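Trainee: Okay, here's the structure, questions in a sec.
The values are calculated or read from the model by the stated rules, or taken from the named source; none is laboratory data. Computed from a predicted model, the values in this text were never measured in an experiment. Note that we place each Cβ from the backbone using ideal geometry, even for glycine, and neighbour counts take in every protein chain shown. Protein only, heavy atoms only, side chains kept; ligands, DNA and RNA dropped before computing areas. Shrake-Rupley method; radii C 1.70, N 1.55, O 1.52, S 1.80 Å.
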Amino acid sequence: AIRHSQHADEILEAIANRLHVAPDDVDVQVEKLLERSKQQTPSAVATKYTPDEMRARLQTTPTGVPYLFMDVDQDGASLRTTALDATEQLKAVAAVTSSRGDKLSVVVTVPKSLAGVIKANEILAQMLTTVEGGSGGGKAHLAQGGGRAGADAQALREAFTQALESAAVEAQPHG
């Protein structure tokens, strides 16, 4: 029994060291970590789209450019991953938006095959004209930005599709 108690104390001490707290504060620190985990986990899980779900949302401009517009509940890194995955898997231009707290985030990605014709940074700039405090930037294949939350989702979608169609029309040979 004494050996068992000593072993339990060693385990508690190791956990306390790992959490950078006193052994008496381990339970409080674990509760804080669990609460923080609960706050972060649902949104990441709730908005993970499968390729089939993304394909079902795929649309095409009148000039034939495939695109995807999605509003999700994700942090910036996940938002970027979602947009890049959509573009890679669907070979489509993707605009993915997310509002968290008082901040709106937007990521636009363009497949490399279209990056010479359609530029993500130009599409993003047009979208952000509808957002209070909007700013951002990037390159032809990937751009990200944001502004204050509360932007009209329909206005964002319309700005995206209009900018995309304008870029596609400009790229067509004039004859």
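Trainee: Among the listed residues 166, 113, identify the single one that is assigned to a helix (DSSP H, G or I) and hydroxyl-bearing (Ser, Thr, Tyr). Let's see the steps before the verdict.
Mentor: On the way: 113 fails: assigned to a helix (DSSP H, G or I).
Just a single option satisfies the conditions, and that option is 166.
Trainee: Identify, please: which residue in region 63-80 is in a strand (DSSP E or B), among the aliphatic types (A, V, I, L, M) and more than 17 Å from residue 165 (Cβ to Cβ) and is, among those, nearest to the chain's Cα centre (by Cα)?
Mentor: Our first condition is that a residue be in a strand (DSSP E or B); within region 63-80, this holds for 66-72.
This time we only want the ones that are among the aliphatic types (A, V, I, L, M), so: 68, 70, 72.
So of that shortlist, the ones also more than 17 Å from residue 165 (Cβ to Cβ) come out as 70, 72.
Working: 70: 10, 72: 7 Å.
Step by step, filter region 63-80, then rank; the result is 72.
Trainee: Do the conditions hold for residue 107, that is, is it within 24 Å of residue 52 (Cβ to Cβ) and either in contact with a strand residue (DSSP E or B) (Cβ under 8 Å, 6 or more places away or on another chain) or surrounded by 18 or more Cβ atoms within 10 Å (Cβ to Cβ) (or both)?
Mentor: Yes.
Trainee: Out of 94, 14, 83, which single residue is at pLDDT 85 or above, open to solvent by less than 70 Å² (accessible area, probe 1.4 Å) and not in a helix (DSSP H, G or I)? If you could, list the steps in order and put the result at the bottom.
Mentor: Working: 14 fails: not in a helix (DSSP H, G or I); 83 fails: not in a helix (DSSP H, G or I).
After applying the criteria, what remains is 94.
Trainee: Now for a separate question. Quickly run through region 129-163 and pick out the residues that are among the acidic types (Asp, Glu) and not in a helix (DSSP H, G or I). Talk me through it step by step, then tell me what you get.
Mentor: Going residue by residue through region 129-163, those that are among the acidic types (Asp, Glu) are 132, 152, 158.
Passing the criteria: 132, 152.
Trainee: For region 115-141: of the residues being buried (at least 22 other Cβ atoms within 10 Å of the Cβ) and touching a residue at least 40 places away in the same chain (Cβ under 8 Å), which is nearest to residue 73 (Cα to Cα)?
Mentor: Filtering region 115-141 for residues buried (at least 22 other Cβ atoms within 10 Å of the Cβ) gives 118, 120, 123-124, 127-128, 131.
After this cut, where a residue has to be touching a residue at least 40 places away in the same chain (Cβ under 8 Å) as well, the list is 118, 123.
On the way: 118: 26, 123: 21 Å.
Checking each candidate, the answer is 123.
Trainee: Could you identify the single residue in 155, 120 that is within 16 Å of the chain's Cα centre (by Cα) and over 13 Å from residue 70 (Cα atoms)?
Mentor: Details: 155 fails: within 16 Å of the chain's Cα centre (by Cα).
Selected residue: 120, the only one of 155, 120 that is within 16 Å of the chain's Cα centre (by Cα) and over 13 Å from residue 70 (Cα atoms).
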